[in-house]
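Enquirer: For reference, the structure I am asking about is given below.
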Ligand code: SF4
């Protein structure tokens, strides 16, 4: 992809069309950051794949938040209906790995170099699991968020896919109203939706934004796109 502008949604559609023609239902490991982000992705991709949702998010702080998000993820899988089976796999809560990775980058803003490393940390574990489990493909729900860099996610995923010998399913799930649909599904299932990305640094950044908004009386998050649903302003 080498920095060229790629329409990742179109590329994904090509893969899905080919699978349909070949009448294949491959095994896909999806790294999921949270239930709301996964809702649309599961609705969309479970028509084409046998899915295992892989919950590996050592970035999340505090532990109570981690527990909340993982339970909500399991709860959603139990409640949704799918054409092909969807199962769940919990990764380790490797907090030390995340803090070792982010050392020296604690003060960076969301979207900077720390986040690229954070994507890679989670995708690398997903690639390892996909190889160990004999999956045909792996991917992540992260590209659904307007706050996430789809190009970087796809570049990292494709590179790791080559390293681990497992196909990376490229995506930009926010396209085709994917983000909007995830908000609708979150509302329909009454999902818990966090208002910060996940790590302690993003939590502090969010708190600071709220303080600033309080001072200026602004209702819209600085640096964040206003969400369609004001009760749930951020996806991880
Ligand atoms: S802001 Fe989000 S993506 Fe960036 S390091 Fe923190 S948890 Fe990871």
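Enquirer: For residue 131, state whether it is more than 23 Å from residue 50 (Cα to Cα) and over 16 Å from the mean Cα position of the chain (by Cα).
Expert: The answer is no for residue 131.
Enquirer: Within the stretch 131-151, track down each residue that is more than 10 Å from the ligand (Cβ to nearest atom), free of Cβ contacts under 8 Å to residues at least 60 places away in the same chain and surrounded by 16 or more Cβ atoms within 10 Å (Cβ to Cβ).
Expert: Of everything in the stretch 131-151, just one residue is more than 10 Å from the ligand (Cβ to nearest atom), free of Cβ contacts under 8 Å to residues at least 60 places away in the same chain and surrounded by 16 or more Cβ atoms within 10 Å (Cβ to Cβ), namely 131.
Enquirer: Still on this structure: Only one residue in 184, 208 is without any contact (Cβ under 8 Å) to a residue 12 or more places away in the chain and under 26 Å from residue 89 (Cα atoms). Which one?
Expert: 184
Enquirer: All but one of (1) away from the ligand (no atom under 15 Å from the Cβ); (2) in a loop (DSSP other than H, G, I, E, B); (3) without any contact (Cβ under 8 Å) to a residue 60 or more places away in the chain hold for residue 128; state the number of the condition that does not hold.
Expert: Failed condition: (2).
Enquirer: Is it the case that residue 186 is modelled with pLDDT under 95 and more than 16 Å from the ligand (Cβ to nearest atom)?
Expert: No, not satisfied.
Enquirer: Which of the residues that make up the stretch 198-236 are at pLDDT 50 or above and in a loop (DSSP other than H, G, I, E, B)?
Expert: Listed by number, the residues that qualify are 198, 199, 217, 218, 235, 236.
Enquirer: Filter the stretch 103-120 for residues that are more than 11 Å from residue 157 (Cα to Cα) and in a helix (DSSP H, G or I) and give the result.
Expert: 113, 114, 115, 116, 117, 118
Enquirer: Is it the case that the stretch 27-36 has a residue that's closer than 18 Å to residue 169 by Cβ and free of Cβ contacts under 8 Å to residues at least 40 places away in the same chain?
Expert: The answer is no, given that none of the residues of the stretch 27-36 is closer than 18 Å to residue 169 by Cβ and free of Cβ contacts under 8 Å to residues at least 40 places away in the same chain.
Enquirer: List pairs: first in the stretch 55-68 and under 17 Å from residue 88 (Cβ atoms) and away from the ligand (no atom under 13 Å from the Cβ), second part of a loop (DSSP other than H, G, I, E, B) and at pLDDT 95 or above, Cβ under 7 Å, 6+ apart or cross-chain?
Expert: Taking only residues 6 or more apart or on different chains, the pairs are 55/32; 55/91; 68/192.
Enquirer: So which residues in the stretch 96-124 are out of contact with any helix residue (DSSP H, G or I) (no Cβ under 8 Å at 6 or more places or on another chain) and more than 10 Å from the ligand (Cβ to nearest atom), if there are any at all?
Expert: 96, 99, 100, 103, 104
Enquirer: If you don't mind, another one. Looking at (1) surrounded by 16 or more Cβ atoms within 10 Å (Cβ to Cβ); (2) modelled with pLDDT of 95 or more; (3) not in a helix (DSSP H, G or I), can you tell me which one residue 195 breaks?
Expert: With (1) surrounded by 16 or more Cβ atoms within 10 Å (Cβ to Cβ); (2) modelled with pLDDT of 95 or more; (3) not in a helix (DSSP H, G or I) applied to residue 195, the lone miss is (2).
The values are calculated or read from the model by the stated rules, or taken from the named source; none is laboratory data. For clarity, every value in this text was computed on a predicted model and none was experimentally measured. Please note: Cβ atoms are built from the backbone with ideal geometry, for glycine as well, and neighbour counts cover all protein chains shown.
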